[in-house]
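Read-outs throughout are calculated quantities, based only on the coordinates presented, and are distinct from any laboratory measurement. These numbers come from a predicted model, not from an experiment. FYI the Cβ positions are ideal-geometry reconstructions off the backbone, even for glycines, and counts take in every protein chain you see.
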Amino acid sequence: MKQKDKSKREFNNSQTPSPLRDAGSAKAEDKRAAFTLSSFLRPNIASLKPYSSARDEFSGADALFFDANENPFNAPYNRYPDPYQQELKKKIGDLKGVNPKNIFLGNGSDEAIDLLFRAFCIPGKDNVVSIDPTYGMYQVCADINDVEVKRVLLTPDFELDADALLNAVNENTKMIFICSPNNPTANCFVEQEIVRVIDGFNGIVVVDEAYIDFAPDKSLLKKPVNYPNLVILQTFSKAWGVAAIRLGMAFATEEIISVLSKIKYPYNVNILTQQKALELLENEEQKQKWVDTILKEKRRLTVAFEKNPLIKKIYPSDANFLLVKVEKPVDVYNFMVDRKLIIRDRSKVALCEGCLRITVGTAEENNRLIEALKSSPL
């Protein structure tokens with residue numbers, strides 16, 4: 001990334017004015033100033049003494065290790081991986097214009113989501129607010145941690161209603177989850193509505209940008225940000241094409257990142273994952289070619305679907321998938337499964353009656369999909 005681009009996107013804790021901050025009112029500025037992370041931490045997390053791993057007390061090269069009871073053979077896989085993923089965070093920081101101290105890396109974004117629940121929500125007492133419909137892991141992590149989820153419906157056009165989200169908040173609400181681009185609706189939300197939520201809530205706001213590489217201009221990470229209560233999630237699973245290595249990213253203030261690092265398992269990102277990610281980051285051009293191809297194929301699928309009478313509506317998409325409406329979603333789903341073409345039935349999800357979610361594949365895969373839908377007798 002060129003230096004001038006990097007400076008535009010830097011995520012930091014400075015007081016430099018930003019377009020996002022200018023959109024807020026003086027009242028919102030006061031709320032940001034009043035936010036104190038310690039008041040939201042669970043007491044046991046605030047007092048937690050983290051596990052000290054074998055490498056916490058040493059950094060450097062050319063040392064002989066007798067401290068961790070590792071097998072001395074089969075280097076480098078005999079050694080525990082860097083628990084802080086320092087080299088990888090530096091590479092990611094260089095790419096995204098982010099200080100490595102503002103980055104948390106986890107076993108998929110799901111780990112960061114779970115850690116946020118464990119850090120801030122007291123089981124059986126606290127709650128979180130989430131848009132509906134959205135990514136299902138927020139509910140799963142909440143259920144695992146015995147935390148209530150207060151669901152707030154999107155508008156009929158799948159837009160974010162900031163007032164409705166904020167009105168759902170009560171004294172026990174610790175976090176708000178917003179997925180943008182959203183899953184399964186595929187759309188990004190209006191930035192100013194997201195900002196209103198961040199400004200209006202004196203708690204943690206999690207903006208999940210798993211699909212943002214397909215709509216890069218709509219990322220909150222693209223501008224200087226100074227929200228002490230904001231966590232942005234991204235992933236290597238989608239645009240980077242490595243869902244199998246399970247690597248997620250969280251971007252936040254150094255204070256929030258230190259909390260997540262404090263409660264994570266010591267070696268949560270293995271050496272094979274770190275090595276593969278470093279390899280990928282050396283070739284960002286390949287990732288961008290994949291993204292460009294997927295967007296081109298999405299346009300081609302859209303044109304083909306528009307000509308198919310089976311499909312009644314195609315919703316706007318900022319992601320690598322399309323949400324479409326059909327008259328008999330279960331029948332269409334079963335028809336496709338019989339032909340070993342696996343799509344996702346979302347017809348029982350809130351606001352998605354009659355809808356199927358279809359991921360964009362390769363040109364050859366998409367051709368099979370198009371022909372199968374054409375041949376459907378439904």
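Apply 1/(1 + (r/R0)^6) to the Cβ-Cβ distance of residue 307 and residue 258, taking R0 = 45 Å, and write down the FRET efficiency to the nearest 0.05.
Between residue 307 and residue 258 the formula returns 0.25.
So for the chain, Kirkwood radius off the Cα pairs, Stokes-Einstein at 25 °C and 0.890 mPa s: how many µm² s⁻¹?
This corresponds to a translational diffusion coefficient of 110 µm²/s.
Quote to one decimal, in nm, the extra length available between residue 289 and residue 353 on full extension: 0.36 nm per residue of separation minus the C-alpha distance between them.
Once the chain is fully extended between residue 289 and residue 353, it gains 19.6 nm.
Between residue 282 and residue 87, what is the label-to-label distance in nm when each label sits 7 Å out along the Cα-to-Cβ direction?
Placing both labels 7 Å along Cα→Cβ, they lie 1.0 nm apart.
Using only the C-alpha atoms of the stretch 285-375, find the volume of their convex hull and express it per residue in Å³.
Considering the Cα atoms of the stretch 285-375, their hull volume per residue is 94 Å³.
Give, as ranges by residue number, the residues of the stretch 251-280 whose backbone N falls under 19 Å from the point 7 Å along Cα→Cβ of residue 140.
So the set is 265, 269.
Can you pull the Rg over Rh of the stretch 319-363, Cα-only, Kirkwood?
0.97
Using a Förster distance of 45 angstrom, determine the FRET efficiency expected from the C-beta separation of residue 74 and residue 330, and round it to 0.05.
0.30
Run a plain Debye calculation on the stretch 63-176 (Cα atoms as equal point scatterers, no solvent) and give log10 I(q)/I(0) at q = 0.13, 0.19, 0.22 Å⁻¹, rounded to two decimals, same order as the q list.
The Debye formula, applied to the Cα set alone, gives -0.72, -1.03, -1.13.
Take every DSSP beta bridge with both residues inside the chain and express the antiparallel ones as a percent of the total, to the nearest 5.
45
What Cys residues in the chain have no fellow cysteine's beta-carbon under 4.7 angstrom?
121, 141, 179, 188
For a quick check: sort 173, 302, 362 by the number of other beta carbons within 10 angstrom, fewest at the front.
If I rank by nearby Cβ atoms, fewest first, I get 362, 302, 173.
To check my understanding: the extent here is largest minus smallest coordinate of the Cα atoms along each principal axis. What are those three numbers for the stretch 100-154, in Å, largest first?
Over the stretch 100-154, Cα extents along the principal axes are 35, 26, 17 Å.
For the stretch 303-354, which GluC sites (Glu not before Pro) are both in a DSSP coil and crowded by at most 16 other Cβ atoms within 10 Å?
Of the GluC sites (Glu not before Pro), the ones in loops of the stretch 303-354 whose Cβ has at most 16 other Cβ atoms within 10 Å are 327, 353.
Expected output is a single nm value to one decimal: the length gained when fully extending between residue 192 and residue 368, i.e. 0.36 nm times separation in residues minus the C-alpha distance. What is it?
59.3 nm
Between residue 378 and residue 157, take the C-beta separation as r, use R0 = 25 Å, and let me know the FRET efficiency to the nearest 0.05.
Calculated value: 0.40.
Take every DSSP beta bridge with both residues inside the stretch 223-374 and express the antiparallel ones as a percent of the total, to the nearest 5.
If we restrict to bridges inside the stretch 223-374, about 100 percent are antiparallel.
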